[in-house]
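Input: a single structure, listed below in structure tokens.
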Amino acid sequence: MTDKLPPIYFYIPQSDWPGDIPETIDTYWQWLDAKRGMYNWTLQTYLRLKADKFPCELVGTMPTEGIVVAHWDFLPQSLQPGSKVLIVCIQADRAQHPYAQIHIVQNPQEEMVVRSVKLWESYFMPYWPQPGLIPRDPSRGDRFEKVAYVGREENLARELRKPEWQEQLKDLGLQWEIVNSRDRWSDYSEIDAILAVRNFNRHGDYSWKPATKLYNAWHAGVPAIMGTDSAFRAERKSKLDYVEVASLEDAIAALKGLRDDKELRHAMIENGRVRAEETKAERLVERWRSFLTEIAVPAYERWCTASSLTRQTFLKRRYLAVETKDLRHRIRIARSQVSRPVKSLVLRVRGAWNSRSIENNDNTQ
């Protein structure tokens with residue numbers, strides 16, 4: 001079937017094209033250390049598909065024909081696809097691209113949100129686990145001493161960045177470390193558990209963020225204590241997947257539970273090994289192949305065979321949706337502000353009416 005596929009490209013504009021792009025996935029992580037994360041979606045995906053003999057090409061100029069897969073950061077917002085081009089925008093944690101026909105999202109909750117706007121077609125794809133990941137050293141045995149957060153410090157709840165938190169863990173006999181340096185994000189060899197909470201006070205579900213930290217914990221063989229992100233909840237199949245916490249008190253209780261229950265730690269690690277199978281590179285390559293052949297190719301054919309009027313109508317509707325986005329948002333806010341007092345009045349009237357009805361019923365009795 002692959003010999004009948006249209007041209008499939010991964011696009012990185014020439015201006016963002018480093019001269020030392022790795023040729024194989026084996027050298028990718030060392031190369032990425034000094035580069036931006038958007039290459040994780042584009043270049044890594046291309047290298048893995050190429051290694052699996054999938055017909056695709058990495059290009060630095062926008063093709064005039066074929067399926068073009070690119071990160072949002074690599075696509076100008078004014079870029080409109082021609083009559084022979086299907087743009088697959090890797091949305092990551094950005095907004096929708098105005099004109100890309102298909103979006104790849106990294107959180108299934110984001111997919112649901114996007115699908116509520118029918119003009120934007122989207123598909124969930126798990127983010128690649130950490131390249132070059134070094135699992136926890138088996139020689140640590142049953143030691144439970146080091147708890148870490150692996151990632152950018154600004155994405156960690158501020159309470160967990162304070163010296164007081166470190167002192168609290170010290171009182172529990174635990175060492176706390178924030179692994180903020182990118183060149184150490186792949187090394188879990190001396191970590192006994194991870195703790196990742198973005199915010200204890202926010203009510204949002206971070207529907208644009210991926211579950212990568214959870215994937216990495218499963219692959220690294222360490223128990224995970226996570227916040228209430230929708231991406232984590234979407235992946236959860238059992239209590240062994242991770243411990244959810246919504247407060248500092250929850251976090252302390254979770255750490256005490258793991259510290260004092262060796263069997264629980266063993267069960268979570270073994271469960272993690274099973275769950276890690278779902279996001280192994282080989283499985284994700286299969287998902288990408290399936291997406292490109294079963295979703296992107298038919299969409300490309302529909303676009304190419306559509307009438308000029310149909311394509312222009314699609315682009316104009318997208319343009320109008322983008323141009324009126326802020327206005328529609330303000331209208332929704334205004335409606336909600338108006339509806340609150342109205343709803344309150346309705347409830348008061350309803351309450352008074354119910355009270356009067358009860359009184360009349362009492363009188364008749």
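The values are calculated or read from the model by the stated rules, or taken from the named source; none is laboratory data. What you see is a predicted model; the values in this text were computed from it and never measured. Cβ sites come from the backbone with ideal geometry, for glycine too, and all protein chains shown count toward neighbours. The protein model used for the area step is the full one, side chains on, heavy atoms only, and it has no ligands, DNA or RNA in it. Shrake-Rupley method; radii C 1.70, N 1.55, O 1.52, S 1.80 Å.
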- Are any of the residues in the range 65-72 surrounded by fewer than 19 Cβ atoms within 10 Å (Cβ to Cβ), touching a residue at least 60 places away in the same chain (Cβ under 8 Å), out of contact with any Ser or Thr (no Cβ under 6 Å at 6 or more places or on another chain) and of a type in the set (Val, Ile, Thr)? no
- Go through the range 214-258 and give me each residue that's open to solvent by 20 Å² or more (accessible area, probe 1.4 Å), closer than 23 Å to ARG158 by Cβ, over 14 Å from the mean Cα position of the chain (by Cα) and not charged (D, E, K, R). VAL243, ALA246, SER247, LEU248, ILE252, ALA253
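Does ARG136 fit the bill of being open to solvent by 20 Å² or more (accessible area, probe 1.4 Å) and modelled with pLDDT of 95 or more?
Details: open to solvent by 20 Å² or more (accessible area, probe 1.4 Å): yes; modelled with pLDDT of 95 or more: yes.
Yes, satisfied.
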- Within the range 150-170, can one find any residue that is touching a residue at least 12 places away in the same chain (Cβ under 8 Å), β-branched (Val, Ile, Thr), open to solvent by less than 70 Å² (accessible area, probe 1.4 Å) and outside any strand (DSSP E or B)? no
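Having 2 or more residues that are of a type outside the set (A, V, I, L, M), at pLDDT 95 or above and open to solvent by 60 Å² or more (accessible area, probe 1.4 Å) is the bar; report the helices (runs of 4 or more DSSP H) wholly within the range 259-365 that clear it.
262-276, 281-291, 297-305, 308-323
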- Task: Can you confirm whether the range 202-213 contains a residue that is of a type in the set (Lys, Arg), out of contact with any Lys or Arg (no Cβ under 9 Å at 6 or more places or on another chain), open to solvent by 10 Å² or more (accessible area, probe 1.4 Å) and at pLDDT 95 or above?
- Result: yes
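A quick yes/no check of all residues on (1) aromatic (Phe, Trp, Tyr); (2) touching a Cys at 6+ places or on another chain (Cβ under 8 Å); (3) surrounded by 13 or more Cβ atoms within 10 Å (Cβ to Cβ); (4) at pLDDT 95 or above:
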site	(1), (2), (3), (4)
LYS4	no, no, no, no
TYR11	yes, no, yes, yes
ILE21	no, no, yes, no
TRP29	yes, no, yes, no
GLN44	no, no, yes, no
LEU47	no, no, yes, no
THR61	no, no, no, yes
PRO76	no, no, no, yes
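Any idea how many residues of the range 89-105 are assigned to a strand (DSSP E or B) and farther than 20 Å from PRO298 by Cβ? Walk me through it before giving the result.
Our first condition is that a residue be assigned to a strand (DSSP E or B); within the range 89-105, this holds for 89-90, 102-105.
Still in the running and farther than 20 Å from PRO298 by Cβ: none.
Here the count works out to 0.
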- Message: Given the criterion surrounded by fewer than 20 Cβ atoms within 10 Å (Cβ to Cβ), at pLDDT 95 or above and closer than 24 Å to LEU119 by Cα, identify the matching residue among PRO81, PRO55.
- Response: PRO81
- Query: Residue check, TYR127 against (1) closer than 17 Å to ALA296 by Cα; (2) assigned to a loop (DSSP other than H, G, I, E, B), all met but one. Which one?
  - Reply: (1)
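Before we move on, is GLN96 in contact (Cβ under 8 Å) with a residue 40 or more places away in the chain and either open to solvent by 60 Å² or more (accessible area, probe 1.4 Å) or within 24 Å of the chain's Cα centre (by Cα) (or both)?
Values: in contact (Cβ under 8 Å) with a residue 40 or more places away in the chain: no; either open to solvent by 60 Å² or more (accessible area, probe 1.4 Å) or within 24 Å of the chain's Cα centre (by Cα) (or both): yes.
No: the conditions fail for GLN96.
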- Here is a list of conditions, (1) open to solvent by less than 20 Å² (accessible area, probe 1.4 Å); (2) of a type outside the set (S, T, N, Q); (3) in contact with a Phe, Trp or Tyr (Cβ under 8 Å, 6 or more places away or on another chain), and GLU177 meets all of them except one; can you say which number that is? (1)
